[in-house]
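Student: The following block contains the structure, expressed as structure tokens.
The values are calculated or read from the model by the stated rules, or taken from the named source; none is laboratory data. From a predicted model like this one, the values you see are computed outputs, not experimental measurements. Quick reminder, even Gly has a Cβ in these numbers, built from the backbone with ideal geometry, and neighbours come from all protein chains shown. Side chains are part of the model used for accessible areas, which takes the heavy atoms of the whole protein and leaves out ligands, DNA and RNA. Shrake-Rupley method; radii C 1.70, N 1.55, O 1.52, S 1.80 Å.
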Amino acid sequence: MHILSKSTYIKGEQCEKALYLFKNRPFLRDKLSMEQRAKFKRGTDVGILAQQLFPGGINMTPNSPSQFSKKVVETLQNLSNPAVNVMYEAVFQYDDTLIMLDIIVRDGDKWRAIEVKSSLSISQTYMKDAALQYYVLKGCNVPLSDIQLMYINADYVKNGDLDLSQLFVFQSVKDYAEQYQDVIAKNIAHFKDIIKQPHSPKINVGDQCDMPYRCEFHGHCWKNIPNDADKPYTIDYKPLYTLLGERNQSTAYLNLLFYRPAVPLFDGDKPYTEFIIGFSILSNNGKFDRIYNWNCLDDLSKWKDSLDILAEQLAGFERVVCFAPQNISAFLQRYNILDSKVLNHKILNFREVLQQSDFHHEKVKSDLSLKNVYESIFLDKTLFEHSRIILNAFSDNQMERELITSDLELENKALREIYQHFNHSK
Ligand code: SF4
């Protein structure tokens with residue numbers, strides 16, 4: 001049985017206490033957020049696509065953790081079987097450390113190890129992951145021609161069928177991994193000692209709790225740390241009121257739902273090209289709320305229909321309030337949704353307004369999201385905002401899709417509350 005894996009090793013590099021808690025007190029973990037689940041799903045989809053570049057491989061993924069030892073033996077047997085040229089998720093173990101390698105391909109009388117990433121560039125963290133894999137592979141005496149990271153080519157433009165040989169790029173990390181081997185050996189020995197200790201190491205909370213990943217013991221370690229979450233927000237009213245402009249304009253609230261697939265779906269698109277897959281518009285005629293919802297979740301190829309509908313629905317309003325990290329004006333302008341002469345005057349991205357007015361509260365420190373802003377203004381209220389998070393990875397669950405429409409409406413109402421809160425304070 002192994003003691004460490006790639007993920008527990010990475011945990012140990014981030015914080016030894018996190019490693020200790022994970023191995024000895026796993027029940028103290030935070031619940032996995034929607035956002036994290038979405039990220040995991042995205043990673044998996046790209047991994048499966050990457051396998052198609054190396055067809056005919058044997059999938060070594062174990063059905064359960066109890067199968068790891070069996071898969072380690074089978075992986076080594078396959079390496080010496082001349083009929084096997086490719087394996088996916090091959091399982092290796094050395095120095096009590098278990099790794100699963102995305103792809104391993106026969107390369108003459110050696111093997112080429114490949115780790116797949118769904119990102120557009122490679123980071124130091126990815127290189128360290130690969131160095132650990134190299135350490136285990138070398139320990140297992142696998143003759144390696146290279147170890148590479150395979151990631152997404154930012155310049156790829158889809159034209160017809162996906163061209164996987166153009167969609168992915170490779171970078172060797174063998175030299176880096178070789179230089180890092182002594183450090184890895186020392187770390188593994190140290191981590192194994194830490195895990196065996198009777199108590200968790202005394203480590204104060206700090207930057208490491210969010211770097212490079214948000215630690216899953218946040219809730220546990222930070223629960224007794226005083227913070228300013230109950231204090232009121234601060235804002236510079238002078239720029240705020242200038243940006244808010246005239247008060248009694250006919251206003252619509254626009255909540256756009258974007259999708260950013262790692263792998264482009266339509267001709268002319270690059271990886272992570274963003275497009276609209278749903279929206280909700282909220283307005284009020286003085287007596288009643290009017291809500292207009294649209295989405296193309298059943299058929300994404302219809303997304304361009306949204307452009308005409310948006311143009312039509314937004315035309316009659318003097319002001320359109322939205323809240324988004326994207327430059328909404330530029331997006332709408334690119335697709336001629338609104339007359340460019342009126343666009344900048346008409347669109348008010350309230351997120352930008354808050355940034356330019358130095359809006360500050362403990363809750364928005366990590367992320368200036370609609371949820372965090374709402375909850376920092378209305379301290380006794382909560383907003384469940386998950387549509388855009390689910391759709392980062394795209395949901396194929398029908399119930400989640402239906403929830404999306406009601407979420408878009410709820411978020412829009414929260415945005416109106418925020419907007420009116422500041423507008424009425426003028
Ligand atoms: S929350 Fe911070 S201190 Fe606690 S285990 Fe995680 S990284 Fe370490």
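Student: Cut-off under 16 Å on the C-alpha distance; same-chain residues fewer than 8 positions from residue 413 excluded. Which aspartates and glutamates are left, in chain and number order?
Tutor: Straight-line reach from residue 413, under 16 Å: 289, 375, 385.
Student: Treat the chain as a sphere of radius equal to its Kirkwood radius over Cα pairs and apply Stokes-Einstein at 4 °C in a medium of 1.567 mPa s; give the translational diffusion coefficient in µm²/s, rounded to a whole number.
Tutor: Diffusion coefficient, whole number: 52 µm²/s.
Student: Now for a different question. Report, in degrees rounded to the nearest 10, the 0 to 90 angle that the Cα long axis of helix 124-139 makes with the longest principal axis of the chain.
Tutor: 20 degrees
Student: Sort out for me the Cα centre separation of region 291-322 from region 196-267, rounded to whole Å.
Tutor: Result: 28 Å between the Cα centres.
Student: Measure nothing fancy, just the Cα-based angle from helix 305-314's long axis to the longest principal axis of the chain, in degrees from 0 to 90, nearest 10.
Tutor: Approximately 30 degrees, to the nearest 10.
Student: Now for a separate question. Using each residue's phi in region 82-92, evaluate 6.51 cos²θ - 1.76 cosθ + 1.60 at θ = phi - 60° and report the 3J(HN,Hα) Karplus result to the nearest Hz, with x for Gly and Pro.
Tutor: In residue order, the calculated couplings are x, 7, 9, 10, 9, 10, 10, 6, 4, 10, 10 Hz.
Student: Restricting things to alpha carbons, find the Rg to Rh ratio for region 200-264 using the Kirkwood radius for Rh.
Tutor: Radius of gyration over Kirkwood radius for region 200-264 works out to 1.18.
Student: Roughly speaking, what % of Cα-Cα pairs in region 106-242 are separated by over 25 Å, rounded to a whole number?
Tutor: 55 percent
Student: Using the Cα atoms of region 4-222 to build a convex hull, what is its mean projected area in square nanometres?
Tutor: 13.5 nm²
Student: Let me ask you something else. Determine one quarter of the surface area of the Cα convex hull of region 125-194, which equals its mean projected area, and express it in nm² to one decimal.
Tutor: Average of the hull's projected areas for region 125-194 equals 6.4 nm².
Student: Something else about it: Could you state the accessible area per residue of region 227-266 in Å², with a 1.4 Å probe and every protein chain left in place?
Tutor: That works out to 53 Å² for each residue.
Student: Output the peptides 321-328, 82-89 sorted from most to least packed, where packing is the average of other Cβ atoms within 10 Å over each peptide's residues.
Tutor: 321-328, 82-89
Student: Now for a separate question. What is the set of long-range amide H partners of residue 168 at a cut-off below 5 Å, with H atoms built 1.01 Å from backbone N?
Tutor: 153
Student: Okay, next question. Angle check, please: helix 181-196 long axis (alpha carbons) against the longest principal axis of the chain (alpha carbons), in degrees 0 to 90, nearest 10.
Tutor: Between the helix axis and the principal axis of the chain, the angle is about 80 degrees.
Student: Considering only protein heavy atoms and a probe of 1.4 Å, how much of the accessible area of region 84-127 is carbon and sulfur, as a whole percent?
Tutor: The value for region 84-127 is 40 percent carbon and sulfur by accessible area.
Student: Explain nothing, just the number: relative contact order of the chain, from Cα pairs under 8 Å at least 6 residues apart, as a whole percent.
Tutor: 16 percent
Student: Through the Karplus equation 6.51 cos²θ - 1.76 cosθ + 1.60, θ set to phi - 60°, convert the phi angles of region 4-21 into ³J(HN,Hα) values in whole Hz; use x for Gly and Pro.
Tutor: 10, 9, 4, 5, 6, 4, 4, 4, x, 5, 6, 6, 5, 5, 4, 4, 4, 5
Student: Let me ask you something else. Share of antiparallel DSSP beta bridges in the chain, in percent to the nearest 5?
Tutor: Of the beta bridges lying entirely in the chain, close to 65 percent run antiparallel.
Student: Multiply the residue separation of residue 140 and residue 249 by 0.36 nm, subtract the distance between their alpha-carbon atoms, and state the gained length in nm to one decimal.
Tutor: The residue 140-residue 249 span can extend by a further 32.2 nm.
Student: Also: Tabulate in residue order the Karplus-calculated ³J(HN,Hα) for region 161-175, using 6.51 cos²θ - 1.76 cosθ + 1.60 with θ = phi - 60°, rounded to whole Hz; enter x for Gly and Pro.
Tutor: Along region 161-175, the couplings run 5, 4, 9, 5, 5, 9, 5, 10, 10, 10, 9, 6, 10, 5, 4 Hz.
Student: Kindly flag which residue pairs out of 23/365; 17/138; 71/138 have an alpha-carbon separation exceeding 23 Å in this structure.
Tutor: Result: 23/365; 17/138 exceed 23 Å.
Student: In Å and from the alpha-carbon atoms only, list the Rg and Dmax of region 237-424.
Tutor: Cα only, region 237-424: 16.3, 47 Å (Rg, Dmax).
Student: Can you list, largest first and rounded to whole Å, the semi-axes you get for region 171-325 by taking the square root of 5 times each eigenvalue of its Cα gyration tensor?
Tutor: 48, 28, 15
Student: Bin all alpha-carbon pair distances of region 51-93 at 10 Å intervals from 0 and give each bin's fraction as a whole percent.
Tutor: Per 10 Å bin, starting at zero, the Cα-Cα P(r) for region 51-93 comes out as 30, 53, 17, 0 percent.
Student: Taking the highest mean first, how do the peptides 171-183, 231-243 order by number of other beta carbon atoms within 10 angstrom per residue?
Tutor: 171-183, 231-243
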